[in-house]
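**Student:** Could you have a look at this structure, given as structure tokens, before my questions?
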Amino acid sequence: MLRPLVRSVLLTTAAVALLGALTIWTVDGPQALISASPGARRDGVKEFSIRVYAWGFSPKVIRVDPGDTVRFRVVSDDIQHGFAINELGLNLQLVSGREVRSPDVKVTLPPGKYPIQCSTFCGLGHPSMKASLIVGNPGPTPAATVPWIASLLALAAAGSFAALAAGRREPGP
Ligand SMILES: [Cu+2]
């Protein structure tokens, strides 16, 4: 039988650890699950077909390797949008239904995750209209490890708290 105090501490710890894991999941999980578009190779150029709509991009994650030469064929399903990857110096203006082809760009960026965003104001969802360009295998971002560290710290704190409580009980009156 666990003493009530120890049990509540353990439950709290488990809850905090779960919360930490859930935080990671909601921040990084879905993006890891969405299969990143690897593109199709055409004359040595990796070509990506992208659909843009209010308010999002499909695919939402584009994966390239350092040194790739890439090209984007982008079409808007509905209204005017923009397709911008600032780090690649790309900013395509889109009108409904017409495919716009980017120039061929050589990716010289270091491995990492770079934002793709809409560059033409398109209404309410415009600020949240984002996708990602992943170059190489950047590994986990520092932000993704924070909840784990927080969980471990909480675990350590709860553990020492429990030990303290147990220690205080034992000598007894
Ligand atoms: Cu927009």
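Where a number appears in this text, it was derived from the coordinates with a stated rule and is not lab data. All values reported here derive from a predicted model rather than from experimental measurement. Note that we place each Cβ from the backbone using ideal geometry, even for glycine, and neighbour counts take in every protein chain shown.
**Student:** Quick one: what are the phi-derived ³J(HN,Hα) couplings along the range 112-127, Karplus 6.51/-1.76/1.60 with θ = phi - 60°, whole Hz, x for glycine and proline?
**Tutor:** 3J(HN,Hα) across the range 112-127, in whole Hz: x, 10, 10, x, 10, 9, 6, 10, 10, 4, 10, x, 3, x, 3, x.
**Student:** Pairs of alpha-carbon atoms within less than 8 angstrom and 6+ residues apart define the contacts here; what relative contact order does the range 33-135 have, in percent?
**Tutor:** Answer for the range 33-135 is 29 percent.
**Student:** Using a simple spin-label model with points 7 Å from Cα along the Cα→Cβ vector, what separation in nm is obtained for Glu87 and Arg51?
**Tutor:** Placing both labels 7 Å along Cα→Cβ, they lie 2.7 nm apart.
**Student:** Another question, then. Per residue of the range 67-82, in order, report the coupling 6.51 cos²θ - 1.76 cosθ + 1.60 (Karplus, θ = phi - 60°) as ³J(HN,Hα) in whole Hz, putting x for Gly and Pro.
**Tutor:** Karplus values, whole Hz, x for Gly and Pro: x, 5, 9, 10, 9, 10, 10, 10, 9, 8, 6, 9, 10, 6, 9, x.
**Student:** Assuming R0 = 22 Å, can you tell me the calculated FRET efficiency for the pair Glu99 and Leu124, based on Cβ-Cβ distance, to the nearest 0.05?
**Tutor:** E(calc), rounded to 0.05, equals 0.30.
**Student:** Find, among the trypsin sites (Lys or Arg not before Pro) in the range 68-99, those assigned to loop by DSSP (not H, G, I, E, B) with at most 14 other beta-carbon atoms within 10 angstrom.
**Tutor:** Values: sites: Arg71, Arg73, Arg98; in loops: Arg98.
Taking the range 68-99 and a limit of 14 other Cβ atoms within 10 Å, the loop trypsin sites (Lys or Arg not before Pro) found are Arg98.
**Student:** Right, here's the next one. Return the percentage of antiparallel bridges among DSSP beta bridges fully within the range 33-135, rounded to the nearest 5 %. Before the final figure, lay out each step's value.
**Tutor:** Working: 22 of 35 bridges.
Antiparallel: roughly 65 percent of the beta bridges in the range 33-135.
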